[in-house]
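Engineer: Please read through the structure below; I'll follow up with questions.
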Amino acid sequence: MIKQSIKYLIFFSLFFSLVSSGQADILHIKVYDDVGGDFTLTDQHGKSFVMSEQNEKLTLLFFGYLNCPDICPMTLSEMMEVKSLLGANKNQVQFAMVTLDPERDTQEQLRLYMMNFDPEFLGLYGDRKTTDEIAKRYHVLHKKRILRSGLGYSVDHSGGAYLVDKKGRLRYIFPSKSPASRFVQGIEMILEGKASEEIRKPTWLEKLVR
Amino acid sequence: MKYFALPLLVLSFLVTSTFAEDPHGAMQGMNHSMPAGHKMPAGHTMKTMPAATLKLGFNRTKAVHLNNFYAYPTIKSVPGSVYLHFENTAKKSDELLKITSKDVKTVELHETTMEKNGMMLMRQVKKLVLKSGETKPFVPGGSHIMLIGLKKNLKKGDTVDLTLQFKNAGKINIKVPVIRRSGKTPTHSMHH
């Protein structure tokens, strides 16, 4: 009896994951009103960055820290790829990394760091309180972890990138390891006005988690 | 029987459909669970890499072969990483005892993993054992050799000297080339 139930479970899991992975090709872009929002940080050139005032460009926002020599550079590399894939549309998008480690990642550090990727990418920082508040509103999990290593501490954090439109509205959250083509697709959909402007409703699972 | 199967069935539907859609990212990591190359058989990782365009390092002087090693440009105030493939061609297993370098204060092994809640963790790896015939890829998003306390900024064209000490294979000195960071994971051949 239990065996049969397990068979059912496996069968249906497989079936629905197949169905849903097929659907995953379409981006369901809407408008988030319960995640994200306005904030003010400073970029690596000392210029103030107000999210709601970025009316010229779409913003791809992501979170990281400079002492992360593996994943964060991968994300930045991927953003370089996205930028090159965007072609003529690349001037319509800005890329911004918010540091989750403002104690170590100073303005000058961010400036030097970005030179190894794309100097046009923004490195944003704020004080600890502001950083934590923004992370909370964007649902970014992060935790400083002391390591018995030359590194001192690492900052465990959730990945993903946030696509914000020219009105400062969060339109889509790309999970970690989304291919560059997904970002391009999402950006193009918004630029071409093909994305839905409906307010997104949280799923039952998100309600449960919160 | 039916009483038991039905809730399971409903649950399996809800769970799989929610995870697959996952627009919010709350469950990220379920779909995209492991970093590329992390748990893949070594041969697979190689095949996905296009033909050689960048000069990566190789050392096959000892029973442990070090293949495809490279580092990326970085500023010295933050750690750098070296990626490579370890290959133990000996009949018995071997162990990496330590890595030293004149160019870096501390050299460690670290591994990146992703938790079910989407948290990405980086942990130090204290022990690296290579079984006979085993290939261990250290690739972006998986494991890396971490260079902490670089004595100079790493620029394209520079090299980093590393000495890897193995229990059986002994000392292996390598010069790790610093290659340009592009939008893609580096491309290279196996030089077979």
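Engineer: Using only the alpha-carbon atoms of the range A:102-157 as identical scatterers, what base-10 log of I(q)/I(0) does the Debye formula give at q = 0.18, 0.22, 0.26 Å⁻¹?
Structural biologist: Ignoring solvent entirely, the Cα scatterers give -0.78, -1.03, -1.11.
Engineer: What full-extension length gain, to one decimal in nm, is calculated for residue A:57 and residue A:192 as 0.36 nm per residue of separation minus the Cα-Cα distance?
Structural biologist: Going from the current span to full extension adds 47.3 nm.
Engineer: Another question, then. How many nm separate the modelled label positions at residue A:92 and residue A:204, each set 7 Å beyond the Cα in the direction of the Cβ?
Structural biologist: Once both label points are built, they end up 3.8 nm from each other.
Engineer: Only counting other Cβ atoms within 10 Å, I'd like A:101, A:118 sorted with the fewest neighbours first.
Structural biologist: A:118, A:101
Engineer: Right, next: Averaged across orientations, what area in nm² does the convex hull of the alpha carbons in the range B:113-186 project?
Structural biologist: Convex hull of Cα atoms, orientation-averaged projection: 7.3 nm².
Engineer: Okay, moving on. Can you give the helix-only mean residue ellipticity at 222 nm for chain A, where every DSSP H stretch with n ≥ 4 adds -39500 (n - 2.57) and the sum goes over all residues, rounded to the nearest 500 deg cm²/dmol?
Structural biologist: Result for chain A: -11000 deg cm²/dmol, rounded to the nearest 500.
Engineer: Could you state the angle between the C-alpha long axis of helix A:2-23 and the longest principal axis of the C-alpha atoms of chain A, as a value from 0 to 90 degrees rounded to the nearest 10?
Structural biologist: Long axis of A:2-23 versus the principal axis of chain A: about 50 degrees.
Engineer: Scan around residue A:37 for amide H atoms under 5 Å from its own, H built in the peptide plane at 1.01 Å from N, and keep only partners 5 or more places away or cross-chain.
Structural biologist: So residue A:37 has HN proximity to A:170.
Engineer: Starting from the Cα gyration tensor of the range B:62-192, take the square roots of the eigenvalues, sort them a ≥ b ≥ c, and report rounded, prolate or oblate (rounded when a/c is under 1.5, otherwise prolate if a/b is larger than b/c, else oblate).
Structural biologist: Numbers: a/c = 1.42, a/b = 1.21, b/c = 1.17.
It comes out rounded by the Cα gyration axes.
Engineer: Something else about it: Give me the one-decimal nm value for the distance between modelled label points at residue B:175 and residue A:45, 7 Å along each residue's Cα-to-Cβ direction.
Structural biologist: The two pseudo-label positions are separated by 3.9 nm.
Engineer: As a footprinting exposure proxy, order B:78, A:35 by other Cβ within 10 Å, with the fewest listed first.
Structural biologist: The most exposed by this proxy come first: A:35, B:78.
Engineer: I'd like the distance between the alpha-carbon centres of the range A:58-114 and the range A:133-203, rounded to an integer number of Å.
Structural biologist: Taking the Cα centre of each part, the range A:58-114 and the range A:133-203 sit 12 Å apart.
Engineer: Counting other beta carbons within 10 Å of each residue's own, what order do A:25, B:94 fall into, fewest first?
Structural biologist: On the way: A:25 8, B:94 23.
Ascending Cβ contact count within 10 Å gives the list A:25, B:94.
Engineer: At a Förster distance of 45 Å, what's the computed FRET efficiency of residue A:35 paired with residue B:129, Cβ-Cβ distance as r, to 0.05? Please list the in-between numbers first.
Structural biologist: Values: r = 44 Å, r/R0 = 0.97.
Given R0 = 45 Å and the Cβ-Cβ separation, E is 0.55.
Engineer: Would you mind giving the average projected area, over all directions, of the Cα convex hull of chain A in nm² with one decimal? Please list the in-between numbers first.
Structural biologist: Numbers: hull surface 58.0 nm².
Approximately 14.5 nm², given one-decimal rounding.
Engineer: Now, a different point. Note down, for the range A:80-186, the three equivalent ellipsoid semi-axes (square root of 5 times each alpha carbon gyration tensor eigenvalue), biggest first, whole angstrom.
Structural biologist: 26, 17, 14
Engineer: In the structure shown, do any of B:127/B:152; A:136/A:207; B:126/B:156; A:136/A:201; A:143/A:167; A:177/B:126 have a Cα-Cα gap over 22 Å, and if so which? Before the final figure, lay out each step's value.
Structural biologist: On the way: B:127/B:152 28 Å; A:136/A:207 16 Å; B:126/B:156 30 Å; A:136/A:201 19 Å; A:143/A:167 31 Å; A:177/B:126 27 Å.
In this structure, B:127/B:152; B:126/B:156; A:143/A:167; A:177/B:126 exceed 22 Å between Cα atoms.
Engineer: Looking only at GluC sites (Glu not before Pro) in DSSP loops with at most 15 other Cβ atoms within 10 Å, what is the longest site-free stretch of chain A?
Structural biologist: Working: sites that count: A:56, A:103, A:120, A:192, A:197, A:198.
The answer is A:121-191.
No value in this document is a laboratory result; all are computed from the given coordinates. Nothing here was measured: the structure is a model prediction, and the numbers come from that model. No Cβ is skipped: glycine too gets one built from the backbone with ideal geometry, and neighbour counts run over all protein chains shown.
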